[in-house]
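Written below as structure tokens is the structure these notes are about.
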Amino acid sequence: MTRDRDPAGRPRNARPRDGLGRPLDRSGGTAASAADRIPDDLVITGAEAAVLADRLLREGRPFHAHEVLEAAWKSGPATERDLWQGLAQIAVGLTHARRGNARGAVALLGRGSERVRAYTGGAGSQRAEGEAGSPFGMNVAFFLAAADDLAARIGRDGLGGIPAADLSPGLLAGA
């Protein structure tokens, strides 16, 4: 079977997926509704991405949050690329954790945290000059601390004792 492609030949994901992004049979199975899908060609502002990704993360839908964060990275300025890519990697790490893949979760949570840290400060930071420490109202420090703590706990103890609430950290400050 050939892969779904748009008119320009770029791959698209028209195949139905479950709540954690796993492909389902083309018949649809128990796929989420079409309204739940994040469009492949989504163009979104940083502020909109932060709000939507926060909601999806808190709802326990990190795969969908990843798609929103990926859209922000693709449509945002180059100076924000590390921020959005890192946040998307953390969301993928949370997806792996929810799917039961401890090794993948630890790897992606760590990679994402490193990328976001490179954006938020320190020598060699990619952060735009004069930008606030909480871009688009996100509590980046809290989100990184949650990702780091989760990666350490999963690495040490596995996924068995991790409460579902710990796999749904919020992204916005004060939300």
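Coordinate-derived values only; no laboratory data. Bear in mind the structure is a predicted one, so any value in this text is a computation, not a measurement.
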Taking H as built 1.01 Å from N, whose amide H comes closer than 5 Å to the amide H of residue 172, not counting residues under 5 places away? 139
Per-residue ³J(HN,Hα) for the range 105-116, Karplus 6.51 cos²θ - 1.76 cosθ + 1.60, θ = phi - 60°, Hz, x for Gly and Pro: 4, 4, 4, 6, 4, x, 4, x, 4, 4, 5, 5
3J(HN,Hα) from dihedral phi, the range 140-151, Karplus parametrisation 6.51/-1.76/1.60, rounded to Hz, x for glycine, proline: 4, 4, 4, 4, 5, 4, 5, 5, 5, 4, 5, 4
Going out from 0 in 5 Å bins, what whole percent of all Cα-Cα distances in the range 45-167 drops into each bin? 2, 13, 23, 26, 18, 11, 5, 2, 0
